[in-house]
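The values are calculated or read from the model by the stated rules, or taken from the named source; none is laboratory data. Please read all numbers here as calculations on a predicted model, not as lab measurements. Note: ideal-geometry Cβ built from the backbone for every residue, glycine included; neighbour counts use all protein chains shown. Heads up: the accessible areas ignore ligands, DNA and RNA and are worked out on the full protein's heavy atoms, side chains in. Shrake-Rupley method; radii C 1.70, N 1.55, O 1.52, S 1.80 Å.
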There are 4 protein chains.
Amino acid sequence: MSERPVNVGVVGMNYWGPNLARNFDRLEGCRLAWVCDRDEAVLDRHRAAYPGSTFTTDLDDLLRDDDLDAVVVATPVPTHAPLARRVLEAGKDAFVEKPLALTGEDANALAALADAGGRVLMVDHLLVYHPAVAKVKELVDEGRLGQVFYLYGNRQNLGIVRPDENALWSLGPHDISVMLHLVGERPSEVSATGESYLQPGVEDVVFGRIRFPSGVIGHLHLSWLDPHKMRKMTVIGSERMVVFDDMETERKVTVYDKGPIPRTETYGEYIQVRSGDIHIPKIPAAEPLRIVCERFVRAVRDRQPTPSDGPAGATVVEVLEAMSRSLADSGRPVALEAGGAIA
Amino acid sequence: MSERPVNVGVVGMNYWGPNLARNFDRLEGCRLAWVCDRDEAVLDRHRAAYPGSTFTTDLDDLLRDDDLDAVVVATPVPTHAPLARRVLEAGKDAFVEKPLALTGEDANALAALADAGGRVLMVDHLLVYHPAVAKVKELVDEGRLGQVFYLYGNRQNLGIVRPDENALWSLGPHDISVMLHLVGERPSEVSATGESYLQPGVEDVVFGRIRFPSGVIGHLHLSWLDPHKMRKMTVIGSERMVVFDDMETERKVTVYDKGPIPRTETYGEYIQVRSGDIHIPKIPAAEPLRIVCERFVRAVRDRQPTPSDGPAGATVVEVLEAMSRSLADSGRPVALEAGGAIA
Amino acid sequence: MSERPVNVGVVGMNYWGPNLARNFDRLEGCRLAWVCDRDEAVLDRHRAAYPGSTFTTDLDDLLRDDDLDAVVVATPVPTHAPLARRVLEAGKDAFVEKPLALTGEDANALAALADAGGRVLMVDHLLVYHPAVAKVKELVDEGRLGQVFYLYGNRQNLGIVRPDENALWSLGPHDISVMLHLVGERPSEVSATGESYLQPGVEDVVFGRIRFPSGVIGHLHLSWLDPHKMRKMTVIGSERMVVFDDMETERKVTVYDKGPIPRTETYGEYIQVRSGDIHIPKIPAAEPLRIVCERFVRAVRDRQPTPSDGPAGATVVEVLEAMSRSLADSGRPVALEAGGAIA
Amino acid sequence: MSERPVNVGVVGMNYWGPNLARNFDRLEGCRLAWVCDRDEAVLDRHRAAYPGSTFTTDLDDLLRDDDLDAVVVATPVPTHAPLARRVLEAGKDAFVEKPLALTGEDANALAALADAGGRVLMVDHLLVYHPAVAKVKELVDEGRLGQVFYLYGNRQNLGIVRPDENALWSLGPHDISVMLHLVGERPSEVSATGESYLQPGVEDVVFGRIRFPSGVIGHLHLSWLDPHKMRKMTVIGSERMVVFDDMETERKVTVYDKGPIPRTETYGEYIQVRSGDIHIPKIPAAEPLRIVCERFVRAVRDRQPTPSDGPAGATVVEVLEAMSRSLADSGRPVALEAGGAIA
């Protein structure tokens, strides 16, 4: 491990970029070397905050800097793939805002490019690094839930509506990335239905479904037209059920020791259920964004794999793309081929 | 209006029938004349409670009684249609447990038979008579919600699992009947997906979707494998949103004065939202089952229409049947023809 | 243990008596031999329900019955002590509605009488037998809470207001009996303040305080003029805190693994706190009233002690009486002498 | 009204002062002219944030500045009174952190001094300016609650424990200032009990009681040893009840249309209750601290009275002081004389 700090540049300072810049700037062992945006006026808003960084409107300045280790791409979604490609081709590691690309093909090409070049490619699927999700993942992996039957996510709110992105692409990457992470399988089929109430062609409400080869089902309820503010994932197992509720402050994860009693134990006509203790483990209050940034810096330094690497980020995009096709086709199921193709 | 009480007979005393018998027995202006079950042992359990009623194992005893006005059918689901047919053909009014029949064809035939004979046919869609649903219906009909966009029902629980009925047929009639009642349209298309985790071929979890000609969508989440006990219906309108939560005691209905601000008023790129007062109207504590029984007795006496009459009950069955087809076909949408046929 | 069932008679069928009669009647090993009330009309309301019991308006009929083992006193509060005295003097065991008497002197005299005669005297302090309270008691006794610092009860509601009993006597016995049971000490001093908003001289809202010799404090908030419906007891220990919330159905007891960190471990100027897991143990759904009745029948048969015996019931009355004095004297503390006298 | 901005200096930058400095600095029509602390190291931490302000360790520098209009005193509590006196004697307006002083005598002397000199004296009783409290005050003043019977505050938490301030002085000023503001009367008598579990002589838990001449009672539950985080005030009126819950984000104020039915309308033996709608008015999300600072700047400019002026702040201190006496004397009631003396 080198003593030199990891040098990072951030591209795109208009929306989420400033949060990333602030976190990388404060991280020990990391230096925010460059801040880049094509709009001078946007750059001017941030100059005072980072006196030690160099500001530029030209990404090539970053790519030409031999001391720069990694570039953070926080630009508008359609530019993620082309910019990430330039970063990887310049031999830099890349951290890309979600979603990684607009098509599975582009996303998989980026993953392959990173792999071929031995570069780190990490997507900002924040929730995958949330300590509460880590706890749920631990419960699943240790078999505490028994056999996982299904899981469902509720991401609902009354929120400002974006003119150019539907609820699926805007809200879905969170739940999809968590579901893929928890189940640990490549989905075999997805479907989605949705409606556009406020703007033609931009779905405000989307119900999605992911089928995994093992039979596990993931269900999504995504909406920005809702009286409830919900950010919740429920996982149903044969022995325990667990809820991750991100609107709670002290009760992020609740584990219910309840479930059906196998018929072999009861011999009755009906399947009985049992209901035991409820347990709410203490979840560390660490901020997910900070954890993500730390993980990226460590990956750059130690070349360790991360759970939101290129292939993982590409699968999220494939699911989004296949759900979009299903949305446009009245909810018809769309298969995801094993090799990465969408039928 | 006659001074004579309405004479009612109850058929089927094994499961829900006793609740109906008790309610009809206590109702003013109503006499529980007959109690019928094909099992003597079942009858014996109830003899002490109804000393003024005649007990029999033979439905024909009831049908031959010229003084009997109406028969309540609370037998197992597969027998609903044939028994209701015998009741109507005998010239009696009929109150039938939900669902009215196993097929839309049977259900519609019953509705036609009642209509032709001038007989009352009422289905026990309890929730339609719930004072909280009446309040929501009033808000919808008075335009207080603005344009209704969509609605969704959550009926989830960890419950004893029945070996012969899936979550759709067991839990669905409640939410479907309420949705049809609130929207007031015949659905044009439905779909459903679901999974059988505990018993092959018996879905424990079902997600359903109802499309109405006006564009309103109804979504169902039905499950008896869930850590939450939820009985909830949410209606999203352009001006207000309302939630009926049947697990609450004092807060059954919550009206949110919130919604999107029409873009014509804001001129911005994004659609803004507004959030105003929350109102929780007082809902009378009347028991829905008692209200249903009262409504039936009144219908028998005054020949007044009810919101869960033959055609309404038949549409619920058509939706259930079409969703079953969709379930068996990976969620493929199934159209409901205007004339009552399912495509 | 005799094979003969325990014969019980219930006196006072106007308010709570019918619930006791029903429970004793259904209990295995127990026979409801007598039902007694001085009002014939009241008796008539219950004759049909207990065909095997003898009805009378004269308590002496019961006291003269050599086969009768025990009498349940469920008459108006001022008659508890004189009737219980007659029962005990007749050599019968006695179960008395709470409070046992109107003065500590009368209550202690009854306890002494029962003791001298070797008779069972049990007071209906229902909550002491609640499975959730048993759980809290177990946590306290096993030292799971560390040192108990203090506890407080909230019993608030908007309820029908009784003209002849204030909130202290009406609601207080519940929380006082539980506190005495949990702490397991005779209080050394009590005080109370309260106000009469609806009727002169009848306090609607009472705040009470119990000091125990060990330094533990119990605080009461009793009110029937409140928007919240609360029935809650919170126990604060040095290592854990526990809440018993009787308005919850599935979460009656919540254990918080949180508390102050002893300064010896931190060495700082401030005392730090720690916050760990939350645990909600499964509490059996058994009905407390049924448990109380079972315990009484067992005590009659086996002469086993109960946690709401004469001395325990008498201490509750002493606390009520001393709080009443404090109420009338602007909250001045009133001492409870060790020997049972109130200073 | 002058065009010149109001010039403000902040004294005491160690704890709450930085929040005040930031707010005054950002306020339109206000200039943060001076930043003062006796500790150079503390000043150094804030120099970069306020390049336009002058920093000093000497309060006299501020008092000698003829252009300075007002001084904000945010120093440790024991220095509030002496520093505020110097500010007022120098002819400046004063904004003082709560509590205004350690004794009612000192606090009243400051109020008199401000009055005599025509100076603004305002205490930072933040909650009095909270939009939710303003809503409750409006409901009370418009008679919407009917006759106010009593009110109670819950301020509980598991928090870091201060070595030099008990729960009464640390948490009490919030609820006391709000109660005095809502009731609008000078209290006639107070009492308090409390216990010191963690440090001898420093009460962790305090129960307080305020009696107003009209008969209204205010009750306080203050604790930093509690599993619940509560910041709540409940006001009980004869016609409505209202709860201000500062832990809620969207439901700060809940109005319950419930209460007792006057006996004149029911003629029964018991007093009946009624329970109507629940209403949750939209409360603006404005930050109270910002509102307080704005109100002070306006008071300096326009000489308009504020609800937390010298006399109001002095009454809070009198209540604290009298409660402290009661605490030390086992809860004995302590009278507040009309003229400002404590009996």
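At a glance:
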item	result
Residue that is surrounded by the most Cβ atoms within 10 Å (Cβ to Cβ), among those in segment A:1-38 that are in contact with a Gly (Cβ under 7 Å, 6 or more places away or on another chain) and not hydrophobic (A, V, I, L, M, F, W, C)	A:37
Segment D:190-215: number of residues that are more than 8 Å from every other protein chain (Cβ to nearest Cβ) and open to solvent by 10 Å² or more (accessible area, probe 1.4 Å)	9
Number of positions in segment D:296-326 that are in a helix (DSSP H, G or I) and among the polar types (S, T, N, Q)	3
Every pair of residues 6+ apart whose Cβ atoms lie under 8 Å, when the first sits in segment B:48-75 and is surrounded by 15 or more Cβ atoms within 10 Å (Cβ to Cβ) while the second is hydroxyl-bearing (Ser, Thr, Tyr)	B:61/B:54; B:62/B:56; B:73/B:79; B:74/B:15
Residues within segment D:303-326 that are within 14 Å of another protein chain (Cβ to nearest Cβ) and either within 30 Å of residue D:69 (Cβ to Cβ) or modelled with pLDDT under 95 (or both), tallied	0
Helices (runs of 4 or more DSSP H) completely within segment D:1-88 that count 1 or more residues being over 22 Å from residue D:126 (Cβ atoms)	D:40-44, D:59-63
Subset of segment D:272-293 (residues that are open to solvent by less than 70 Å² (accessible area, probe 1.4 Å), over 16 Å from the mean Cα position of the chain (by Cα) and in contact (Cβ under 8 Å) with a residue 40 or more places away in the chain)	D:281, D:283, D:286
Criterion violated by residue B:41 - all others in (1) open to solvent by less than 50 Å² (accessible area, probe 1.4 Å); (2) aliphatic (A, V, I, L, M); (3) closer than 26 Å to residue B:164 by Cα satisfied	(1)
Residues satisfying the stated conditions in segment D:75-105, i.e. farther than 23 Å from residue D:18 by Cα and touching a Leu at 6+ places or on another chain (Cβ under 8 Å)	D:89, D:90
Odd one out for residue A:219 among (1) over 22 Å from residue B:332 (Cβ atoms); (2) in a strand (DSSP E or B)	(1)
When residues of segment B:89-105 are limited to those that are in contact (Cβ under 8 Å) with a residue 24 or more places away in the chain and assigned to a helix (DSSP H, G or I), the one least open to solvent (accessible area, probe 1.4 Å)	B:104
Of the criteria (1) farther than 26 Å from residue D:10 by Cβ; (2) among the hydroxyl-bearing types (Ser, Thr, Tyr); (3) away from every other protein chain (no Cβ under 14 Å), which one residue D:275 fails	(3)
Strands (runs of 3 or more DSSP E) lying entirely in segment B:106-209 (those with 1 or more residues that are at negative phi and basic (Lys, Arg))	B:148-158
Matching entry among C:235, C:255 (being part of a strand (DSSP E or B), in contact (Cβ under 8 Å) with a residue 40 or more places away in the chain and over 25 Å from residue C:194 (Cα atoms))	C:255
Matching option when the condition is at pLDDT 95 or above and farther than 20 Å from residue C:195 by Cβ, among D:195, D:185, D:165, D:138	D:138
Residue count, segment B:235-261 (criterion: buried (at least 21 other Cβ atoms within 10 Å of the Cβ) and more than 7 Å from chain A (Cβ to nearest Cβ))	9
Flag for residue B:181 being within 29 Å of residue C:247 (Cα to Cα), more than 10 Å from chain A (Cβ to nearest Cβ) and touching a Lys or Arg at 6+ places or on another chain (Cβ under 8 Å)	no
